[in-house]
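The values are calculated or read from the model by the stated rules, or taken from the named source; none is laboratory data. For clarity, every value in this text was computed on a predicted model and none was experimentally measured. Quick reminder, even Gly has a Cβ in these numbers, built from the backbone with ideal geometry, and neighbours come from all protein chains shown. Remember, those area values only see protein heavy atoms, side chains included, never the ligands or the DNA or RNA. Shrake-Rupley method; radii C 1.70, N 1.55, O 1.52, S 1.80 Å.
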Amino acid sequence: MFVNEYRYGLLLFRRDGSALGSASVTPDWEPAVEWTRFYHARRGETPFCGDGTASIQPLWDRKEGEPYIRGFRVVCESAADKVASEFPSNYLSEVAAEASAEFVKRGKLEPGDTYLFQAVAYPANGAGKKAGSPLDLKVVEEQPAVPLEDADLAEYRMRSAAAGAVDADDMPVFVPQHALDEVEALTRRAEGCETGGILIGRMHRDPSLPEIFAEVSAQIPAEHTQGTVAKLTFTAETWSAANAAIRLRNQSEVYLGYWHSHPVREWCRARECTPEKQKTCRLARDFFSEDDVAVMRAAFPRAYSIALVANDTAFTGLSFSMFGWREGKIHPRGFYLLEDSHA
Ligand SMILES: [Zn+2]
């Protein structure tokens, strides 16, 4: 169950400190709840995929106090344990961007202008203007149990090499070379259109550390999906195919995430971007669009969910970027490339 006894708002200011106005907001709390449970599960402090109650509690500003907040705390409680994580108020930066867009529409802020925000919280049953409105109670989506197999993380590391900058705080992710080879072949075959697929694999736990880590075992191409140059959507057929593959393979695999290609050379051609300019183009590497974020949030919202992007540029061979959840937000992240011999 999810409990939130406060309603949240933002006070927005121009950069010079003059007030723009205020907005009430409904932040997306679930990635923060997901992160809290998984962060503590990795450390063996709470069961992986456990249930129980998650509550959001404001952290008051140390100097100004209530109703100003510096962030919030997520507390996850079950019959057996209680864990908590704190998040800074920049967790609300997306809803602040939405609110600022409203002020742009009203002509109070120029598009692209910097703005500042202060988050506030009020008791939901308090004497505010929304007094009497029902508590914001939602049920966090029921999670299917994900099997965890005991494995030796050091042994996996010995058989792999770091790809990209691997942050020691991120859950280790292992991707076999054959999966990348398949992604590359499918990207080439799609020729300038986005293509993609679902990544399946196993979740492991090394009880000696403790730590939880993910091993991608296969990619299921989204064959039934028609990609365009800019967008890819998964259809019901894609999900059915992935579901059947998991069932038939019968290896305790789960959905770990998805991959898709970025036909950057095509995007750049359309914009008449030179290969020289492409080298510094923000789309060429570690780019995750708003659509990509939406797919990730809707289809792969688990704290261990990952997204792999194949960057197809005109100035170098195919490169790969990985994205994952960190403190409830999506970040570029590194992974380990696993030698194929073992499979
Ligand atoms: Zn994309």
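Evaluated against (1) within 25 Å of GLU149 (Cα to Cα); (2) in contact with a helix residue (DSSP H, G or I) (Cβ under 9 Å, 6 or more places away or on another chain); (3) outside any helix (DSSP H, G or I), ALA284 falls short on exactly one condition, (1).
Being assigned to a loop (DSSP other than H, G, I, E, B) and in contact with a helix residue (DSSP H, G or I) (Cβ under 6 Å, 6 or more places away or on another chain) is the filter; apply it to region 170-221 and report the residue that is surrounded by the most Cβ atoms within 10 Å (Cβ to Cβ).
So the first thing to find is which residues in region 170-221 are assigned to a loop (DSSP other than H, G, I, E, B), and the list is 170-172, 191-195, 207-210.
So of that shortlist, the ones also in contact with a helix residue (DSSP H, G or I) (Cβ under 6 Å, 6 or more places away or on another chain) come out as 192, 195.
Numbers: GLY192: 18, THR195: 24.
Among those residues, the one meeting the criterion is THR195.
Looking at (1) in contact with a Cys (Cβ under 9 Å, 6 or more places away or on another chain); (2) under 17 Å from GLN219 (Cα atoms), which one does PHE287 not meet, given that it meets all the others? Tallying (1) in contact with a Cys (Cβ under 9 Å, 6 or more places away or on another chain); (2) under 17 Å from GLN219 (Cα atoms), PHE287 fails exactly one: (2).
GLU155 fulfils the conditions (1) surrounded by fewer than 17 Cβ atoms within 10 Å (Cβ to Cβ); (2) modelled with pLDDT of 95 or more; (3) among the acidic types (Asp, Glu); (4) touching a strand residue (DSSP E or B) at 6+ places or on another chain (Cβ under 7 Å) except for a single criterion, (4).
Take the conditions away from the ligand (no atom under 16 Å from the Cβ), surrounded by 19 or more Cβ atoms within 10 Å (Cβ to Cβ), at pLDDT 90 or above and assigned to a strand (DSSP E or B) and apply them to TYR255. Does it pass? First the steps, then the outcome.
On the way: away from the ligand (no atom under 16 Å from the Cβ): yes; surrounded by 19 or more Cβ atoms within 10 Å (Cβ to Cβ): yes; at pLDDT 90 or above: yes; assigned to a strand (DSSP E or B): yes.
Yes; evaluated as a whole, the condition is true for this residue.
Taken together, GLU272, GLU327, GLU339 contain a single residue that is open to solvent by 70 Å² or more (accessible area, probe 1.4 Å), modelled with pLDDT under 90, more than 12 Å from the ligand (Cβ to nearest atom) and under 22 Å from ALA168 (Cβ atoms), which is GLU339. When GLU94, GLU66, GLU45 are screened for being closer than 26 Å to GLU290 by Cα and open to solvent by 40 Å² or more (accessible area, probe 1.4 Å), only GLU94 passes. Mind checking whether some residue in region 311-320 is more than 17 Å from GLU182 (Cβ to Cβ), buried (at least 21 other Cβ atoms within 10 Å of the Cβ) and more than 16 Å from the ligand (Cβ to nearest atom)? For region 311-320, residues more than 17 Å from GLU182 (Cβ to Cβ), buried (at least 21 other Cβ atoms within 10 Å of the Cβ) and more than 16 Å from the ligand (Cβ to nearest atom): absent. Among the residues of region 27-41, are any part of a strand (DSSP E or B) and in the same structural domain as LEU92 (by TED's automatic domain parsing)? No: zero hits. Quick one: would you say ARG285 is basic (Lys, Arg) and within 14 Å of the ligand (Cβ to nearest atom)? Yes, satisfied. Beta carbons closer than 7 Å, at least 6 apart along the sequence or on distinct chains, pair a first residue in region 226-237 that is under 18 Å from VAL293 (Cβ atoms) and open to solvent by 70 Å² or more (accessible area, probe 1.4 Å) with a second that is more than 10 Å from the ligand (Cβ to nearest atom) and modelled with pLDDT under 80 for THR233/THR225.
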